[in-house]
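What follows is a single structure, written as structure tokens, with notes after it.
Coordinate-derived values only; no laboratory data. Because the structure is predicted, anything quoted here is derived from the model rather than measured. We place every Cβ from the backbone using ideal geometry, glycine too, and count neighbours over all the protein chains shown.
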Amino acid sequence: MLRVTKFFSSLALVLVIVWFGVLNTQSIELNTFPLKLGSDGLGKLKIPMFLIVLISIFFGFILGCILEYIRASKLRRCLKEKNKNLKETNMQLKNLKRNLELEDDEILSLLK
């Protein structure tokens with residue numbers, strides 16, 4: 001069931017992107033170099049509008065992922081430290097249990 005849901009949601013997303021691309025095929029002149037410097041055609045790109053929008057969405061997604069990874073790094077570091085403390089505490093607990101068992105054995109051997 002999950003595969004079918006993923007398939008249809010992916011299909012819907014692809015159809016929306018294709019539909020958006022078909023409706024926005026007009027070219028846009030993108031200036032990458034300042035016009036004041038008198039560049040004759042240098043730094044001018046003619047790109048379909050849907051490509052500019054899709055590239056912007058892609059870079060926004062990547063930037064959001066990077067920022068979220070940086071934000072969550074503090075939480076990951078804290079969890080790693082707590083996990084280390086928990087392992088140390090478990091080792092101490094095992095050692096205490098082992099010591100208590102040894103003392104019980106000595107007392108039981110004296111009673112016999």
Per-residue HN-Hα couplings for region 81-90, Karplus 6.51 cos²θ - 1.76 cosθ + 1.60 at θ = phi - 60°, whole Hz, x for Gly and Pro?
-> 5, 5, 5, 5, 4, 5, 5, 4, 5, 5
Between I70 and F33, what is the label-to-label distance in nm when each label sits 7 Å out along the Cα-to-Cβ direction?
-> 3.2
Rounded to the nearest whole number, the Stokes-Einstein translational diffusion coefficient of region 1-79 at 37 °C and 0.692 mPa s (Kirkwood radius, C-alpha pairs) in µm²/s is 201
Under 15 Å from the 7 Å Cα→Cβ point of K87, by amide nitrogen: which residues of region 65-80?
-> 77-80
Which residues' amide hydrogens lie under 5 Å from the amide hydrogen of K44, considering only partners 5 or more residues apart or on another chain, with H built in the peptide plane?
-> T32
Pull up all non-local amide H partners of I28: gap of 5 or more, or a different chain, and H-to-H distance under 5 Å with H placed in the peptide plane.
-> I47, M49
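Could the peptides 25-32, 48-55 be put in order, highest first, of the mean number of other beta-carbon atoms found within 10 Å of their residues?
Result, highest mean Cβ count within 10 Å first: 48-55, 25-32.
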